[in-house]
Structure formats: structure tokens, C-alpha cells
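Structure record follows, encoded as C-alpha cells.
The values are calculated or read from the model by the stated rules, or taken from the named source; none is laboratory data. Remember, it's a predicted structure, so these values are computed and weren't measured experimentally. Ideal geometry is used to build each Cβ from the backbone, glycine not excepted, and the neighbour counts take in all protein chains shown. For the accessible areas, the whole protein counts, side chains as well, though only heavy atoms, and no ligand, DNA or RNA atoms are used. Shrake-Rupley method; radii C 1.70, N 1.55, O 1.52, S 1.80 Å.
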Amino acid sequence: METIITLFEYRFFTNALLAALFASITCGITGAYIVSRRIVFISGGITHASFGGIGIGYFFGFNPIVGAMIFSVLSAFGIEYMSKKTNLREDSVIAILWSFGMAVGIIFIFLTPGYSANLMSFLFGNILTVTKLNLVFLLILALLITGIFLVFFKTILFIAFDEQYARAVKLPVETINYLMITLVALTIVFNIKVVGIILVISLLTIPQTIANIFTKKFEIMIWLSIIIGFLGSISGLLLSYYLNVPSGAAIIFFLVILFFISKIFRNILTSLRIRKQIQ
Amino acid sequence: MDKIIELQNVTAGYGEDIILRNVNIAIHRNDFIGVIGPNGGGKTTLVKVILGLIKPITGKVIYYDSMKEGKQQKIGYLPQNSDTDKVFPISVLDVVLSGLAQPNRLINRFSKAQKAKAREILESTGILHLADKNFGELSGGEMQRVFLCRAIVSDPELLILDEPNTFVDNKFESDLYHTLKKLNEHKAIIMVSHDVGTIAYYVKSIACVNRELHYHQSNIISQEQLDAYNCPIQIIAHGSVPHTILKEHNE
């Protein structure tokens, strides 16, 4: 009996470890892009818009993640298109799609008979109940994102840094922008199960912001973000296990604490250096 | 003389806003054209039409053989300083390398020779020591130098500078004109400025842009001519070099 329990524990813990790893890779890379490009708000919009897809999935009885995928990619394209090709303000477009997705989600979940216990797992995530299918999707996404960044790195970097110049010298700005916003949308959707809609934005920004405290190089920022994200996820996971609190919240809590420690550490380091220079 | 780009009866603008009307100009190799005119007169729109960023509403832009798109950027472009993100995590060397990125290519990798070329350009502008620094750590003048390097690293057939003399120290200005003079021996240059005084000494011809374009085949321009061109810019003569200030104009 005991061996079965250990095995079971072992298994779900391995799954959680793998989920943490894939989440750190996907969020680490796309998050570095999001933070550098200052499109955190766009990502927030996409995240919440995806809730509409989850509601529709519940109502019509198909996998809510599929619904979330459709909604997030469409809203990502919508934001990219409407803010560039129409004279609407980008932040207004984001706010409209953000609240529209939430509204659609709430309407359809309300219309779905019975209470869906699973709903909480979409809002707050649970790394311990990530399914095998979700793991496979996360793995594929991690490989895809890594591959795209390895192959197109400089082009992505140049366009992200100075889009106007990139257009002037005929770099494939549209193609890269749509590709990147799709990756952002997919990263968000497949990490919803891990940390939830409310918290996924933090995996895309907190490790990157911590990394940015210590490096100003994009490549290193990506690597550091992955490592910090992974450490944060594991620590949060253990924290949630021992304190019996939701894992998503524990992970974010741990990352934010790490952020403040890093910031203070950096400030002390800087002031020490300045003092040394004066002496 | 070899024509490289020609604008024929170009009318251009944004949406319903027509900024430029019926513009005709031919750019030749070895041209050094100063584009002057009041703010909002269409200088930047003209640049965008030449760069192909805006399609003309009527008329056409012809790119001659030497400008046909290939593996290299044919137009070097120094944009106005204000638009880039100053804290983006990118190294100075990478900014310069972006001037060697191939048009219409998704994959850009750089050979040792290309990286050496980028460093060479940085050295010629006196900022090689900044190559591995983060772009965001530079001063305004250093940033302008890096952008100049990016614009000229591909040996472009045409170099376009949009208000290069804003936010720049005097040292950079004299360095810049020295670099441009040398470049102009083989290439065409278009320099946009609202201040004709600083550029009149270097350019060979002047284009006045104020909704319409008047092309003046000399760098000496009189107040009467400017008035006739409907270009609200005032010249104050200081000896032989004309000095100008922008006259306030009523819209």
C-alpha cells in the first residue's frame, strides 16, 4: 500500500516538475520579449480574453483549453491589427477585448447547467493536476519557441528594438510581429493550467524583471528568466505542499519575495561600489 | 549623371490628409540634397515616400537599377532621435549589425567579416570602445553616432538623415559633416533639416518642402527665392555663408 502511495506521489510530483520546467522555458522566453517590448498590457488583454473561450468550451462541452486557444489567438491578432491599421488607440482596443472575453466567459459559464468545480483551476491554476496532454502541449510549445528564437533571433531583436527602422530597411516586420504575438497567445493558454488566468501574467513578467535587475543583455535575460522561473515554481510548489495553499498563488508569492530581495541586494551592491569608487 | 530614384507627380499623405502635392524630383548619384521647410510641411512624409513606407496616392516612385533590392540595404536611414526605446536590452554592436540585416529575410546571421565591418565603422566614428555596451547606457550624442554607424555600415547607395542635428553636441556635428563629405564622393545623401544654416555649407542643392516641393539646384538660396517657393524660412546672411532662422508662420 505504501509503495503505491509513494509511486503516486512520485508520479504527480514528476508531472509537476516537468510542468514547472516547460512553463519556465515558454514563459521565460516569450516573457523576455514581452517585457523588453513593453507589451505586458497586451499580454494581460490576451490572457483575460481567453476566458471567453473557456466559457464557450464549458457550455458546448469541448475542451475549454481549445476554446481559450481560439479566443487568445484571435484577440492577439485583433489587437495587433486594430492598433496598427485603424486609428483606434492600442490600450483602448486591449481594454475592450479584455472585458469582452471576460463577459463572454461569465455568460456561458452562467448558462452551463451545474457548478463546474474545474473553473477555479482555470482562474488560479494547479500545477499538481496538470494533465499529460497539457504536458505534451507545453513540451511541443517549449521546443517550438526555443527553435524560433534560435533561428530568427537577430531579426526578432532588430524589429523589437526599432520597428520604424526595421520597416524602412524592409525587414519582415509584419510576419515576425504576428508570429510573436501568436507565440505569446499560445504561451498564455498552455500555462493557464499551471498558474491560472489571474496569475499567468506574473510568470511572464516577474522572472524577467528580476533578470533585468542583473543583466541588460537580451540573451542573458532569457536564460536568467528561465532559471528564476523554474526555481520560483519549485519553491512555490514545495511551499504549497507544506502549507496546503494553492500552488499558483504560492509560486507567485515566492517570485515576488525574490524580486524584492534581488532589488534590495542590487541596491546594496551598487551603493557599495559607489562607496569604493569615492574612497 | 546616374539617376537612382525618381519621384514623378507624387501626391501622398495619411488617409484623407494630403500632405504632399505633385512632387517631382530626381535623385542622382553624388547628389547632396538638403531638404528644408517648416514643421508639418511634409519633410518626413517625403522621406517616408522615398523609403517606401508610404505608397503615393497618385504618381510613382521609380527605383533605378542600382537601387534594386538585393542582399544589402540600399538606403541608409538615420531616423529622428525620439522614437526608439532607450532602455531596450540590446548591445551597441547589435544595433550596428541591424544595418547589415538582409531585406525580406527572416533569418539573419552574421559572418565574422560582417562583425568586423561593424566594428570598423564604430572605430571610424570613434566609439569602438562602446561596442559591447548596452545601448541604453549611452549618452544622446553617442546614440546618434551609433545610429549613424547603423545607417552607413551597409555602404548604401543613398543615405537619408532626418534632422541629424537635433540633440547633438558640436563635436558630433563636425564629425558628421566630415563623414558625410567623404561618403558623398560615391553616394547620394538627403539631409532633412528645419535649419538651413547648418547644412547650406555642405549640401549641393536645396529642396524646399511646404506641401509642394521646389527644387533649387544650388546651395545658395536667397530670401526672395524662398518667398517665391512659399517656404516660410528666413535667411540672415553672415558674410558668404548664409545663416538662417525659422520664421514664425501663421497657419
Determine the calculated [θ] at 222 nm for the protein assembly as shown from helices alone, applying -39500 (n - 2.57) to every DSSP H run no shorter than 4 residues and normalising by the residue count; nearest 500 deg cm²/dmol.
-19000 deg cm²/dmol
Over all residues in B:101-113, what is the mean tally of Cβ atoms on other chains that come within 10 Å of each residue's Cβ?
4
Ordering A:73, B:87 from largest to smallest accessible area (1.4 angstrom probe), what's the sequence?
B:87, A:73
Per-residue HN-Hα couplings for the range B:3-9 [Karplus 6.51, -1.76, 1.60; θ = phi - 60°; Hz; x = Gly/Pro]:
7, 10, 9, 9, 9, 10, 6
Binning at 10 angstrom from zero up to the longest distance, how are the C-alpha pair distances of chain A distributed in percent?
7, 27, 33, 22, 9, 2, 0, 0
Solvent exposure, largest accessible area first (probe 1.4 Å, DNA, RNA and ligands not counted), of A:174, B:6:
A:174, B:6
Label-point separation in nm, residue A:174 to residue A:131, each point 7 Å along Cα→Cβ
3.7 nm
Computed curve, the range A:11-132, Cα-only Debye sum without solvent term, log₁₀ I(q)/I(0) at 0.10, 0.14, 0.15, 0.19 Å⁻¹, is -0.36, -0.69, -0.78, -1.10
Considering every residue in A:165-178, what mean count of other chain Cβ atoms within 10 Å of its Cβ is obtained?
6
As a test of reading the structure, rank A:266, B:109 by solvent-accessible area (1.4 Å probe, protein chains only), most first.
B:109, A:266
Kindly flag which residue pairs out of A:217/B:112; A:170/B:115; B:48/B:182 have an alpha-carbon separation exceeding 23 Å in this structure.
B:48/B:182
Length gain on complete extension for the stretch residue B:201 to residue B:115, per 0.36 nm per residue less the alpha carbon to alpha carbon distance?
27.5 nm
Excluding residues on the same chain fewer than 8 positions from residue A:132, give the lysines whose Cα lies under 28 Å from its Cα.
A:193
Do any trypsin sites (Lys or Arg not before Pro) in the range B:1-58 lie in a loop, going by DSSP, with at most 16 other beta-carbon atoms within 10 Å of their beta carbon, and if so which?
B:29
Below 8 Å, C-alpha to C-alpha, sequence gap of six or more: please give me the relative contact order for the range A:158-279 in percent.
20 percent
Ordering of B:204-215, A:122-133, A:223-234 by packing [mean C-beta count within 10 Å, highest first]
A:223-234, B:204-215, A:122-133
Long-range alpha-carbon pairs in the range B:77-140, meaning those over 19 Å apart, account in percent for 36 percent
So, counting K/R as plus one and D/E as minus one, what does the shell of residues with Cβ under 12 Å around residue A:45 add up to?
-3
Which percent, nearest 5, of DSSP beta bridges in the protein assembly as shown are antiparallel?
60 percent
Determine, for each peptide in B:174-186, A:31-43, the mean count of other beta carbons within 10 angstrom over its residues, then list the peptides with the highest first.
A:31-43, B:174-186
About the Cα centre, charge dipole magnitude for the range B:90-154 (Lys/Arg +1, Asp/Glu -1 at Cβ), debye
300 debye
Cut-off 11 Å between beta-carbons: net charge of the residues surrounding residue B:148, Lys and Arg +1, Asp and Glu -1
0
In Å, what Rg and Dmax follow from the Cα atoms of the protein assembly as shown?
27.8, 102
For a quick check of understanding: with a 1.4 angstrom probe and all protein chains in place, what accessible area in square angstrom does residue A:180 have, to the nearest ten?
0 Å²
Computed over chain A: relative contact order in percent, which uses C-alpha pairs under 8 Å that are six or more apart:
28 percent
Number of partner chain Cβ atoms within 10 Å, mean per residue of A:59-71:
0
Which residues among the range A:210-232 fall inside the zone where the amide N is under 17 Å from a point 7 Å beyond the Cα of residue A:238, along Cα→Cβ?
A:227-232
